[in-house]
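The values are calculated or read from the model by the stated rules, or taken from the named source; none is laboratory data. Everything numeric in this text was worked out from a predicted model, so none of it was measured. Note: ideal-geometry Cβ built from the backbone for every residue, glycine included; neighbour counts use all protein chains shown. Only protein heavy atoms, including side chains, enter the accessible area calculation; ligands, DNA and RNA are left aside. Shrake-Rupley method; radii C 1.70, N 1.55, O 1.52, S 1.80 Å.
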Amino acid sequence: GFDYGTGRIVSFEVAGSDIIVSAFQPKSVLTQVLFEPEPTLDDSVTYDITSWSLPYAFGLDAFAVESRIEAQQEYIPGTFEPVQADQKPLAYLAPWNAGKHVVFLAALLREGIRVRYAEYAFETGGEHYPAGSLIITRGGNEYIRNFDEKVAGLANKMAIRLGTSTSGLVDKGPDFGSSRVKTVFPPKIALFSGEDISSLNFGEIWHYFEQELEYPISILNLDQIASADLDKYTILIMPSGDYEAWGEKERKKLHRWVKSGGKLLAIEAALEFFSEHEDFGLAEYLNQEEKNAQQDRDRKTAETERTAPYQDRERLAISDQAIGAVFEVAMDTTYALGFGTGGKFYTLRNSSQRYAYLKEGVNAGIIPTADRHRTGFIGYRAKSRIGNSMVFGVESVGEGKIIYMADNPIFRGFWENGKLILSNALFLVQ
């Protein structure tokens, strides 16, 4: 069958725990719409995304087959064994690889519970815990009333299986008292808004915090930055948009804030603010390798279009566009931005803008070659230059950091797998 992960026809075996979604059912058409790996376009000139397949949106290992596979039984969600609050272990251990784990973390922080995470994988009690796993120790939480009941209750409510440990010493990897085990400091977050900001991207982020995480977030209008006390916040989020309204005074103020320890997160079109303002001094090289080449391409494209028949110009232009194309991103699982991803992420590209690898900093998510294209429309000229590009990167500036997200990780709120990467940026990147 068709392997969503590689984009190729492969041989595979159906295991006992696999879920089979049959197209031979009353909702067959809807099923095929939601799972179709290669949507057929009558015309590539389209106003909307050209791929939305759920295995990519959820980051699942999946296959599509033309033959009918008979399931042995109806799918029934697995039974969940509740965590017992009377165990009183030294530490509870939680996984970190899905959206519900972020909701769990946010709930713990709202309760004032101190949470830490492992920068490196470790083993204890015969269990393996990957980097990013949450560690909730009794030490440091002595002042929390009903500590065990709260941790176990939240985990049971969200059907999260917790591990436990009776010792701070592990069998393999850093011990719980190591400097490689970091504290999650509850971030104080502000989100920029304004007429020149994408209302869609702004709304997606706001909704995620308010409705899913139930985590507090402040809203700052673009014209408020000059008078705002930025020291009240530890993270500022720049949704996709145009930030040309900020002058030298605002840029310098933002620069000082980052340099003194702030964390700035820029998404999609917001990255252009850095590549266009070398005087900002934060990311003067972010897109420099591409600028001259892009100008040459634009000039050649303009010359071709000027002599082309008028009705062909729109079709010629889409050769440089990406319209909801899915690419597999190679994630660095040794860095906090890639924790829980298993080494890959399917990104939905809605822009042909390409960003070269950071010369300094961490290229946490990259598209190394153009053959990482999985589905959806991207023009042949845009595709030819997509290799060796950065999708997610982190740059240190003084005591602070700038996190670049060339693609929107939570597109329309349904690109579920990207919520983990966004949350890594907010809670784990230090």
Would you work out the relative contact order for the chain, in percent, from Cα pairs under 8 angstrom that are 6 or more residues apart? 17 percent
One checks the Cα atoms of the stretch 309-413 and finds Rg and Dmax, in Å, of 15.1, 55
Cut-off 18 Å, label 7 Å out along Cα→Cβ of ARG68, residues of the stretch 1-39 by amide N: 20-32
The stretch 56-177, Cα convex hull volume normalised per residue, Å³: 145 Å³
Projected label distance in nm at SER11 and ALA370, using a 7 Å step from Cα toward the beta-carbon: 3.3 nm
Scattering from the C-alpha atoms of the stretch 7-126 alone, worked out with Debye: what is log10 I(q)/I(0) at q = 0.15, 0.22 1/Å? -1.00, -1.42
Provide, as a two-decimal number, the C-alpha radius of gyration of the stretch 204-267 over 2.2 N^0.38 Å, N being how many residues it has. 1.16
Net length gained if the chain between GLU360 and ALA85 were fully extended (0.36 nm per residue, minus Cα distance): 94.4 nm
Calculate I(q)/I(0) for the chain by the Debye formula, one identical point scatterer on each C-alpha and no solvent, and give its log10 at q = 0.06, 0.08 Å⁻¹ to two decimals. -0.29, -0.51
Accessible area, probe 1.4 Å, largest first, for residues LYS249, LYS157: LYS157, LYS249
Taking only the alpha-carbon positions of the stretch 107-242 as identical scatterers, the Debye log10 I(q)/I(0) at q = 0.14, 0.20 Å⁻¹ comes out as -0.81, -1.15
Using packing as a proxy for protection, rank 3-14, 92-103 so that the peptide with the highest average count of other Cβ atoms within 10 Å comes first. 92-103, 3-14
Filtered chymotrypsin sites (Phe, Trp or Tyr not before Pro), the stretch 116-178: DSSP coil and at most 10 other beta carbons within 10 Å: TYR143
Cleavage-rule hits, GluC sites (Glu not before Pro), the stretch 214-260, DSSP coil, Cβ neighbours within 10 Å at most 16: GLU214, GLU244
